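Novice: Submitted below is the structure of interest, expressed as structure tokens.
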Amino acid sequence: MALLEVNNLHTSFFTPAGEVRAVNGVSFQLERGKVLGIVGESGSGKSVTAYSIMQILASTGRIVEGSIKLDGQELVNAGEKVMKQVRGNKISIIFQDPMTSLNPTYTIGHQLMEAITLHTERSKKQAWDRAVEMLRLVNVNEPEKRMKQYPFEFSGGMRQRVMIAMALACEPDILIADEPTTALDVTIQAQILELMKSLQEELGMAIIMITHDLGVVAQLCDEVIVMYAGSICEQGTAEEIFYNPRHEYTKGLMRSIPTADTAGTRLQPITGTPIDLLNMPKGCPFAPRCDNAMKICLTRRCERMKINDDHMAACWMNVKAGAEDGSIQLEHEDPEGGEADA
Amino acid sequence: MPEITEKSLIEVRHLKQYFSINVGMFKSKPLKAVDDVSFAIRKGETLGLVGESGCGKTTVGRTLLHLYKPTGGEILYNGQPVQTREEINAFRKKATMVFQDPYSSLNPRMTVSDIIGEPLDIHKMYGSKAERQERILELMDKVGLNSEHAARYAHEFSGGQRQRIGIARALALDPEFIVCDEPVSALDVSIQAQVINMFDELQDQLELTYLFIAHDILVVRHISDRIAVMYLGKMVELADAKEIYEHPLHPYTKSLMSAVPQPDPRIARANKRIVLSGDIPSPLNAPSGCPFRTRCPHATEACAEAMPEFKEAAPGHFAACHRIAELN
Ligand SMILES: Nc1ncnc2c1ncn2[C@@H]1O[C@H](COP(=O)(O)OP(=O)(O)OP(=O)(O)O)[C@@H](O)[C@H]1O
Ligand SMILES: Nc1ncnc2c1ncn2[C@@H]1O[C@H](COP(=O)(O)OP(=O)(O)OP(=O)(O)O)[C@@H](O)[C@H]1O
Ligand code: SF4
Ligand SMILES: [Mg+2]
Ligand SMILES: [Mg+2]
């Protein structure tokens, strides 16, 4: 049994303008100790997927369908009491902007100790010691002194390390990192990624790494999910996604990033504008921007198909190719789960 | 100091920008945001400028354009100094800036047409209303904006489209030189590629010269002819883009280049990153001697004593480090 099993997740926001279907049938599994990357265009539902797992959605948002199982336990509709146990204890999250998630009016030490005592039976003294230990673990020097300082006295990189310390204080099974290094400089980012990798190996936790940076994914992730318009358009091992992309959006994404080899040439951008979730096309959501769209793409959505044991994609181009050489078979939805066995 | 050729369109000599910061009730202290920076940009060239947050990139751009009065140093345009009011005014028609944040840099109460037309109004660049409108539509066309959008407000547009509006505005006065300050950093990857291509195409069409500021090394590597690296207000290295990317000489640039997240799993995993310890010092308390010495894996006592000179270490390749020769 996988540590985390998400099945056919649908999350919507009910706004005056209508129902915003931010997540549309997302399914995946996360094994213990693995790093799963989630990439995709801005607004494709990466954060909402993470917030759904934690059940920390805005008040207008609701999981309308689907199942989320942690160690076999169903979390959807499990109630706030169960979720309080899960958050911090079993699953922790770090956000993109450490300044908005640290309280500017309390010392770093106060906030760390609060995170520790909230979830575990520890005395104040034990919590202090643990907090100092965590700061040391994330390479904050002079941790005793730092405990008494306020967030504004820390640099951006240090604040992000404090957030990691806070998220790890209770030794969660899963760490969700939502763009943890986007706001940071390259050399500080390298420090943080190295730290996350070594802590992950030491503590054996699983990580869900949400990022728009394909370089970060290439460096850290075992598995990759590519999202487009609230759905997973492609999923597989990092090697498969980078070297054998099988969805037209992923291919476009790979072509549009500058690398050392593109200097002096024109990039090949994905044309058109991002999708409007209130106005979803009938067929494949990427069809309006896809250079290879066929008739069927405009009218019917493609199911996720198995490309090989390590790879699934939802793109009619594979059916076309497969029909020609007979090499791929359609996979059918299994309502009991086990669908995303990529 | 970098060799100055006659073909330089822009030249900066010993540029300094110190801000006065209050550090007590009655005390203030200079924050040396840019401290003795020299470089030149050839006509039609793109010079990339990289470095950590707060190292002074934006301040170089703004001071260079005289948006801030330089604390010290000289700015030359086409070999001529830019100093007097007239010289500065003339220079401002030829040199302009595109800003990082397409969301906050555009006035939400102005229509696209007014945003693009504003520089034309300020410098009275048209004879009639019709002439003004014609010029605006021409600019919109140049950056791939639909003429139907002219009467709409900026907030109705996506990030990529807003950046196009900002670029059209920058082009209004037919500039020769543009400081591009993180113009694609706020954009999604797919949109980023569209805007990068537009910068490339406009440069070809209009013979533009760019100072291109960005923190994404791969973007800068893609677009630049040469790249300059700053650290704590100083320029630490400057060379041809391919050269500096493949053979950096300065210890800071080495760690910077090694830390670039490579979008290729095999390369990324085989990569030996030079991970620096410690944080960037505050520019109010810059270290003595070499600004990088507190994080430099090769620092010696000598590095704390004297500021290394910015000098040519190989043809066209400048760096400021006491140990360049030994370490490379
Ligand atoms: N509180 C909300 N009310 C209405 N719509 C929302 C709300 N939060 C998110 N959405 C919408 O849900 C969609 C998915 O948003 P999400 O934040 O998950 O995107 P993302 O993939 O994380 O993007 P980014 O890369 O920009 O962080 C977006 O279209 C967004 O506008
Ligand atoms: N108007 C100002 N008054 C006082 N200090 C300033 C001012 N503008 C910039 N600074 C300071 O000067 C230093 C350089 O800032 P600058 O904005 O040039 O950095 P940057 O390299 O552009 O950084 P970023 O990558 O974050 O944009 C910083 O320490 C900054 O706080
Ligand atoms: S001068 Fe010294 S401290 Fe500075 S970069 Fe060179 S070796 Fe490092
Ligand atoms: Mg997000
Ligand atoms: Mg800046």
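Novice: Just how large is the dipole of the range B:249-328 about the Cα centre, in debye to the nearest 20, putting +1 at every Lys and Arg Cβ and -1 at every Asp and Glu Cβ?
Specialist: 420 debye
Novice: Which longest uninterrupted range of chain B lacks any GluC sites (Glu not before Pro) assigned by DSSP to a loop state (not H, G, I, E or B) and surrounded by at most 12 other Cβ atoms within 10 Å?
Specialist: Values: sites that count: B:E3, B:E6, B:E207, B:E309.
By the stated rule (loop sites, at most 12 other Cβ atoms within 10 Å), B:7-206.
Novice: Grab the beta carbon distance between B:L284 and B:Q80, set R0 = 30 Å, and tell me the FRET efficiency rounded to 0.05.
Specialist: FRET efficiency, B:L284 to B:Q80: 0.25.
Novice: Further question on the same structure: From Cα coordinates alone, what are the radius of gyration and Dmax values for the range A:1-134 in angstrom?
Specialist: So, for the range A:1-134, Rg and Dmax equal 16.9, 52 Å respectively.
Novice: Same structure again: What lysines does A:K251 reach when the alpha-carbon gap must be under 26 Å and sequence neighbours fewer than 8 apart in one chain are set aside?
Specialist: Filter leaves A:K34, A:K46, A:K282, A:K295, A:K306, A:K320.
Novice: Could you sort A:171-184, A:297-310 so that the peptide with the highest average Cβ count within 10 Å comes first and the rest follow in order?
Specialist: For the peptides A:171-184, A:297-310, the packing ranking is A:171-184, A:297-310.
Novice: Per residue of the range B:316-328, what does 6.51 cos²θ - 1.76 cosθ + 1.60 with θ = phi - 60° give for ³J(HN,Hα)? Whole Hz please, x for Gly and Pro, Karplus curve as stated.
Specialist: After applying 6.51 cos²θ - 1.76 cosθ + 1.60, I find x, 10, 9, 7, 10, 7, 5, 10, 3, 5, 5, 7, 10 Hz.
Novice: Whole Å is fine, so just give me how far the alpha carbon centre of the range B:19-90 lies from that of the range A:188-228.
Specialist: 38 Å
Novice: Let me ask something else about it. Select from B:K32, B:K43, B:K129 the residue whose mean-square fluctuation is largest in a Gaussian network model of chain B (Cα-Cα springs shorter than 10 Å).
Specialist: Sorting by GNM fluctuation, first place goes to B:K129.
Novice: Right, next: With θ set to phi - 60°, apply the Karplus curve 6.51 cos²θ - 1.76 cosθ + 1.60 along the range A:276-288 and write out the HN-Hα couplings as whole Hz, x wherever there is a Gly or Pro.
Specialist: 9, 5, 7, 9, 6, x, 6, x, 5, x, 8, 3, x
Novice: Where does the protein assembly as shown land on Rg/Rh, using Cα atoms and the Kirkwood Rh?
Specialist: Value, to two decimals: 0.98.
Novice: Continuing with this model, one more query. Within 10 Å of each Cβ in B:274-287, how many Cβ atoms from other chains are there, averaged over the peptide?
Specialist: For this peptide, the per-residue mean of nearby foreign Cβ atoms is 3.
Novice: Turning to a different aspect of this structure: Determine how many Å³ per residue the convex hull of the Cα atoms of the range A:180-257 encloses.
Specialist: 104 Å³
Novice: Related question: Ratio to report: Rg/Rh of the range B:249-328, with Cα atoms as the point set and Rh obtained by the Kirkwood method; give two decimals. Provide the component values of the computation, followed by the final result.
Specialist: Working: Rg = 14.3 Å, Rh = 14.1 Å.
Checking Rg against Rh, the ratio lands at 1.02.
Novice: Go through A:315-324, A:86-95 and give me the packing order, highest mean Cβ count within 10 Å leading. Walk me through the numbers before you get to the answer.
Specialist: Numbers: A:315-324: 16.3, A:86-95: 21.1.
Ranked by mean Cβ neighbours within 10 Å, highest first: A:86-95, A:315-324.
Novice: Here's something else I'd like to know. How many Cβ atoms of partner chains, on average, are near each residue of B:218-224 if near means within 10 Å of its Cβ?
Specialist: Taking the mean over all residues of the peptide, I get 5.
Novice: Taking just the alpha-carbon atoms of chain B, what radius of gyration and Dmax come out, in angstrom?
Specialist: According to the Cα coordinates of chain B, Rg and Dmax are 20.9, 68 Å.
Novice: Based on alpha-carbon centroids, what's the gap between the range B:193-224 and the range B:134-168 in Å, whole number please?
Specialist: 19 Å
Novice: May I ask you to derive the FRET efficiency for A:E80 and B:I274 from their Cβ-Cβ distance with R0 = 41 Å, giving the value to the nearest 0.05? Don't skip to the end; give the middle numbers.
Specialist: Details: r = 47 Å, r/R0 = 1.14.
So, using R0 = 41 Å, E works out to roughly 0.30.
Novice: May I pose another question? Please list, or write none, the lysines whose alpha carbon is within less than 20 Å of the alpha carbon of A:K148, excluding same-chain residues fewer than 8 places away.
Specialist: Partners within reach: A:K124, A:K125.
Novice: Moving to a separate point now. How large are Rg and Dmax for the range A:80-165 when calculated on the C-alpha trace, in angstrom?
Specialist: Radius of gyration, then largest Cα-Cα span, for the range A:80-165: 12.6, 38 Å.
Novice: Hey, what angle do you get for helix B:129-142 against the long axis of chain B, alpha-carbon based, 0 to 90 degrees rounded to 10?
Specialist: 50 degrees
Novice: Would you mind checking the tilt of helix B:159-171 against the longest principal axis of the Cα atoms of chain B, expressed as 0 to 90 degrees and rounded to 10?
Specialist: 80 degrees
Novice: Given Cβ point charges of +1 (Lys, Arg) and -1 (Asp, Glu) and nothing else, what value in debye, to the nearest 20, does the dipole of the range B:143-212 about its Cα centre take? Don't jump to the answer; show the numbers that get you there.
Specialist: On the way: 4 positive and 11 negative charges, 65 e Å.
The calculation lands at about 320 debye.
Novice: Per residue of B:262-273, count partner chain C-beta atoms within 10 Å of its C-beta, then hand back the mean as an integer.
Specialist: Going residue by residue through B:262-273 and averaging, the value is 6.
Novice: At 0.36 nm per residue, and after removing the present C-alpha to C-alpha distance, how many nm does the segment from A:T120 to A:T15 gain when stretched out fully? Don't skip to the end; give the middle numbers.
Specialist: Values: separation 105, 0.36 × 105 = 37.80 nm, distance 3.79 nm.
Taking A:T120 through A:T15 to full extension adds about 34.0 nm, to one decimal.
Novice: Angle, helix A:186-203 long axis vs. longest principal axis of chain A, Cα atoms, 0 to 90°, nearest 10?
Specialist: For helix A:186-203, the angle is close to 80 degrees.
Novice: Further question: Using a cut-off of 17 Å between alpha-carbon atoms, which aspartates and glutamates can reach B:K311, once sequence neighbours fewer than 8 places away in the same chain are excluded?
Specialist: Excluding near neighbours in sequence, the set is B:E3, B:E11, B:D35, B:D36, B:E237, B:D240, B:E243, B:E326.
Novice: Considering only Cα-Cα distances, which of the following residue pairs are longer than 32 Å: B:K7/B:K29; B:K32/B:K254; A:K145/B:K69?
Specialist: In this structure, B:K7/B:K29; A:K145/B:K69 lie more than 32 Å apart at Cα.
Novice: Normalise the Cα radius of gyration of chain A by 2.2 N^0.38 Å (N = residues in it) and let me know the number. List each step's numbers first, then the result.
Specialist: Numbers: Rg = 21.1 Å, N = 342, 2.2 N^0.38 = 20.2 Å.
Here the Cα radius of gyration is 1.04 times the empirical estimate.
Novice: Taking R0 as 56 Å, what's the FRET efficiency between A:D71 and B:K129 from their Cβ-Cβ distance, rounded to 0.05?
Specialist: Once rounded, the FRET efficiency stands at 0.20.
Novice: Please state the equivalent ellipsoid semi-axes for the range B:1-113: what are the square roots of 5 times the Cα gyration tensor eigenvalues, largest first, in whole Å?
Specialist: 24, 22, 15
Novice: Given the alpha-carbon gyration tensor of the range A:270-330, what are the semi-axes of its equivalent ellipsoid in whole angstrom, ordered largest first, with each equal to the square root of 5 times an eigenvalue?
Specialist: Rounded to whole Å, the semi-axes are 23, 12, 10.
Novice: A further question follows. Just want the answer: with Cβ charges of +1 for Lys and Arg and -1 for Asp and Glu, which residue in A:A314, A:N139, A:S327 is farthest toward the dipole's positive end in chain A?
Specialist: Farthest towards the positive end: A:N139.
Novice: Evaluate the Kirkwood expression for the hydrodynamic radius of the range B:34-169, namely the inverse of the mean inverse distance over all pairs of different C-alpha atoms, and round to one decimal in Å.
Specialist: 16.9 Å is the Kirkwood radius here.
FYI, it's all coordinate maths here, none of it is from the lab. Since this is a predicted model, take the numbers as computed values, not measurements. Glycine gets a Cβ as well: all are built from the backbone with ideal geometry, and neighbour counts include every protein chain shown.
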